[in-house]
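Okay, structure first, notes after.
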Amino acid sequence: MRYIKINPADNVAVALQDLPKGEVVEGVKLQMDIPRGHKVVLGELKAGNNVIKYGYPIGHLTRDAAAGTLVDHSCIKTNLEGLLEYKYEPWKAEIAGQSGNDAGSFTERSDSEGLGGNAPRPLGVQGDSRSRRSFCGFRRADGQVGIRNQIWIIPTVGCVNGICEEIARRFREEIQGRNGSVDAVVAFPHNYGCSQLGPDHQNTRTILADMVHHPNAGGVLVVSLGCENNQLDSFIELVGPVNEARVKMFTCQQVENEVEFGLQKLREIFAVCSLDRRVDVPVSELRVGLKCGGSDGLSGITANPLLGVFSDWIVAQGGTTVLTEVPEMFGAETILMNRCQDKATFDDTVSLINDFKEYFISQGMPVYENPSPGNKAGGISTLEEKSLGCTQKCGSSTVRGVLKYGERLKVKGLNLLSAPGNDLVASTALAAAGCQIVLFTTGRGTPFGSFVPTMKISTNTPLYEHKGGWIDFNAGVLAQDKTMDEVAPHFIEAVLAAASGEPVNNEVHNYREIAIFKTGVTL
C-alpha cells in the first residue's frame, strides 16, 4: 500500500510512503513529490474550501490548490475559535463480543466507514472479546493490582532531591543480587513542594499522594526537608491510611544522618515487599493510559487506531482505559461527548473541554496554538487534524467517567482525564490516576518514561528500525502489508507480557521521571 483515502468523503489522500511526482493517486497524477504522512489534493480546491480528512473538515485552504499537489500547514488554517456551546446527541455502540475481519484494513481504495466517524468499528480481534484473558500481577491489600513491585522514594520538596537519589543509589548497590521480587528502586525528583500557592501547591501534593497509593509500588519512602510549604504532617493527613510496613516517611531536619536513616527505613520496607509474588489476575483489573506524542500523518491511521482496537478489547473484558490531552481533543470533542453514557457525563465532558479553553484564555494565550513543529514536519497541519487522529486511541467505547487533574479512577471502562498535551505532564497524570501502564504512540520518537511502564508504539516502520532502543512495538506495518486483525493480537500479547513483568524500553534504560502541572506564580 502506498497511500490511503481514509473516508469516502475525503478530498485528500495520505501518503503511506514517499510518493514521487508522476505517480497516480485515486486517478490523479501527482504534480510534485509527496512525503510520507502528508496529504495530496484529489480535486481542484479553492481558497476558503474545507480540507476533508477522516470524513471531517480539518481546516480551510488559504490559497487555491490544484489536484495532485501537496497541502500542509503552510496553506491550511484551523476553523476552530473561542468557546462553544454543545448539545448532547448520544450515540452508543455495544462493543462487547464484536469482532470483524475488516477493522483497520487499509487498501488503496477505501469503501469502508472513515476512522474518524461515529460509526461503530468492529473490535478487530476475532473471538478474543469473548475469551477471558489474564496477566500476572501483584495483588495489594487494598484490593488494587500492580504490574510492578518497586520501591519508590518520593521527595515532598525539590530541596531533598539529591538526598533521595543518593539513598536510592546506595540501596540499589546494597541489595544487588538479592532483589527478590523487587524489580526497581527509584527516586522521583521534582521541582516543587515549596514557594507555590493555591492550585499549584495542591497539584503537587495531590500527585505525590497519588503516587503513595499506586499499586506498582510495593513500598514507598517519603522524604521531607522540614521547612517547606508541603509540610509532612499535613501531607500525611492528605495521604490518609497506609500500610505502615510498606510506607514510611521522615523529615531530614529531624535526624542526624538523613541518608543512613533513609537506608534503614528502606531495609524495613524491602523485608516486606521482596516477599511479594505475582499471581494470575483477570484483564478486568488492568488500567491503561492512552497517550500520543511527536505525532505524524500516520498516527491517526496506524498506531492510534491500534490503541483504539486495544481499548475496545480491554473495555469488553471489563478493564479500564484513560484518554487525556484535553487540548488535543479540541475539534473532535463532540465525538467523545456524544459517546457519554448519560447527560451528567456529557456535562462533565463539556466542563473538561471548556475549562481548559478558559485556562488558555486566562493566560492570554491562543486556544488553538497547535500542532507542534514536529507534528507539522510529519504531515499534521491543524489542531482538528491532530485531534481527530488523537481520539482514535480510545476506540468506540462509551465514555463512563470524567476525571479532574490528580483525581483517581472510580469507575471501569473508558474514562477522560483533565491534563495538558505535554508528554511528561500528561503521562504522569495518567499514572497518578491509577493507570499501571501508559501506551504511548509516536511518529517522531521519544525516549522518556513516567513512573509507570511507558510503552512506545511507532506509527511508521522507519522510526522503529532507527530507534529500536526507544520503540517497543511497530504499528507501521499497518501502512504496509498487515491488517488490523493480524497486528492487534500481537499487540495485545505484547501489552499483557509487559503487564506480567517484561520490561519496556524506558525501564531497560532507566528513563523514569515525573512532571507536575503548574499554572501560577512561584514565590
Residue tally, condition part of a helix (DSSP H, G or I) and either touching a helix residue (DSSP H, G or I) at 6+ places or on another chain (Cβ under 7 Å) or crowded, with 24+ Cβ neighbours inside 10 Å (or both), over segment 190-235: 9
Those strands (runs of 3 or more DSSP E) lying entirely in segment 270-341 with at least 1 residues without any contact (Cβ under 8 Å) to a residue 40 or more places away in the chain and crowded, with 24+ Cβ neighbours inside 10 Å: none
Test: Glu256 is out of contact with any Ser or Thr (no Cβ under 6 Å at 6 or more places or on another chain), farther than 30 Å from Arg2 by Cβ and not in a helix (DSSP H, G or I): yes
Sole residue being over 16 Å from Phe491 (Cβ atoms), out of contact with any strand residue (DSSP E or B) (no Cβ under 9 Å at 6 or more places or on another chain) and β-branched (Val, Ile, Thr), chosen from Val350, Val279, Val326, Val309: Val350
Residues satisfying the stated conditions in segment 53-71, i.e. out of contact with any strand residue (DSSP E or B) (no Cβ under 7 Å at 6 or more places or on another chain) and closer than 21 Å to Leu298 by Cβ: Tyr54, Gly55, Tyr56
Matching entry among Glu465, Glu502, Glu493 (being in a loop (DSSP other than H, G, I, E, B) and either without any contact (Cβ under 8 Å) to a residue 12 or more places away in the chain or over 24 Å from Ala168 (Cα atoms) (or both)): Glu502
Residue count for segment 236-251, restricted to those that are buried (at least 20 other Cβ atoms within 10 Å of the Cβ) and more than 30 Å from Ala499 (Cα to Cα): 1
Check on Glu244, of a type outside the set (Val, Ile, Thr), farther than 28 Å from Pro420 by Cα and either touching a strand residue (DSSP E or B) at 6+ places or on another chain (Cβ under 8 Å) or not assigned by TED's automatic domain parsing to the domain that holds Leu409 (or both): yes
Check on Gly520, of a type outside the set (D, E, K, R), in contact with an Asp or Glu (Cβ under 8 Å, 6 or more places away or on another chain) and outside the structural domain of Ser387 (by TED's automatic domain parsing): yes
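The values are calculated or read from the model by the stated rules, or taken from the named source; none is laboratory data. Source: prediction; values computed, not measured. Here the Cβ is made from the backbone with ideal geometry for all residues, glycine too, and neighbour counts use every protein chain on show.
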